[in-house]
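In what follows, a single structure is set out as structure tokens and then discussed.
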Amino acid sequence: MERIFVAIEIPYYMKAIGKFILLKPEEFDSWLELQKTSRAIRLVQLHHTYIPAYKHFKENNHFALCEAMEQAHLERGFAEIAQNFTTFPDGKIMVCRSMNIIPAGIKGANKNGICIENVGNFDKGRDVLSELQKGTILSITKSLLAHFKLIPNDQTVVYHHWYDLNAGKRIKVEGIGVTKSCPGTNFFGGNTVADFNAYLLPLLK
């Protein structure tokens, strides 16, 4: 009996090691359309990793960085890596934690949140957000908002800096409370609510 071999074209650049899946930004929407999410999503969190920073990115160590972050998070008592997604200076995206699993991103904003960690230290005087990563942050945030039918505003896209670390509540007055600089004092122009509305929100609309 003659064997017939059929060549199957793989449509994705996608690479996977264990649960970690590395995507090009243009593949993200196709990947997202295939996902079934069993919990209600009402907001997207934006963070910076602080460490690792740009100096730790070697253009081929996406998996190693995520594995190292997961180990650090396990040592802190987390069940696994904290974030659902990670973006890199070269614009690629790593799927890290299932969207069906609540992230460990912002105390008080995790239950209905999706957590995006952006590799880099975006405080003033530190890493300058690359154009590739900037484009990816915009595209992945837009895609998640559209997928979950959320209107972009400062309630559906949030920064870690806006939440008191101890109380787990959103601060009412800038500078009051115990906060992190995350996602960075120079992230898309700054890390305050006013900065978000002035600089990032217009790019999301």
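Within the accessible surface of the range 93-205, defined with a 1.4 Å probe on protein heavy atoms only, the carbon and sulfur portion equals 56 percent. Among 28-34, 171-177, 67-73, 47-53, the peptide with the highest mean count of other Cβ atoms within 10 Å heads the list, and the full ranking is 47-53, 67-73, 28-34, 171-177. Rounded to the nearest 5, the antiparallel percentage of DSSP beta bridges internal to the chain is 45%. For the listed residue pairs Lys55/Lys205; Lys24/Lys172; Lys55/Lys180, the alpha carbons are over 29 angstrom apart in Lys55/Lys205; Lys24/Lys172.
Please report the relative contact order for the range 151-200, taking Cα pairs under 8 Å with a sequence separation of at least 6, and give it as a percent rounded to a whole number.
Details: 56 pairs, mean separation 16.5, N = 50.
This gives 33 percent for the range 151-200.
On the basis of the beta-carbon distance and an R0 of 30 Å, Glu75 and Lys124 show a calculated FRET efficiency of 0.55.
Starting from the Cα-Cα distance between Ala198 and Ser38, subtract it from 0.36 nm times their residue separation and give me the gain in nm to one decimal. Can you show the working numbers first?
Numbers: separation 160, 0.36 × 160 = 57.60 nm, distance 3.35 nm.
Full extension of this stretch gives 54.2 nm more.
Largest first and in whole Å, the equivalent-ellipsoid semi-axes of the range 30-116 read 22, 16, 12, each the square root of five times a Cα gyration tensor eigenvalue. The Cα-based radius of gyration of the chain, divided by its Kirkwood radius, gives an Rg/Rh of 1.00. Below 8 Å, C-alpha to C-alpha, sequence gap of six or more: please give me the relative contact order for the range 1-156 in percent. Taking the mean separation of contacting Cα pairs over the length of the range 1-156, I get 29 percent. When the charge dipole of the chain is built from unit charges on Cβ atoms (+1 for Lys and Arg, -1 for Asp and Glu) and taken about the Cα centre, the candidate among Ile51, Gly108, Val193 whose Cα reaches farthest toward its positive end is Gly108.
The values are calculated or read from the model by the stated rules, or taken from the named source; none is laboratory data. Just so it is clear, the structure is predicted and the values come from calculations on it, not from any experiment. With ideal geometry, Cβ positions are generated from the backbone for all residues, glycine too; neighbour counts draw on all protein chains shown. Side chains are part of the model used for accessible areas, which takes the heavy atoms of the whole protein and leaves out ligands, DNA and RNA. Shrake-Rupley method; radii C 1.70, N 1.55, O 1.52, S 1.80 Å.
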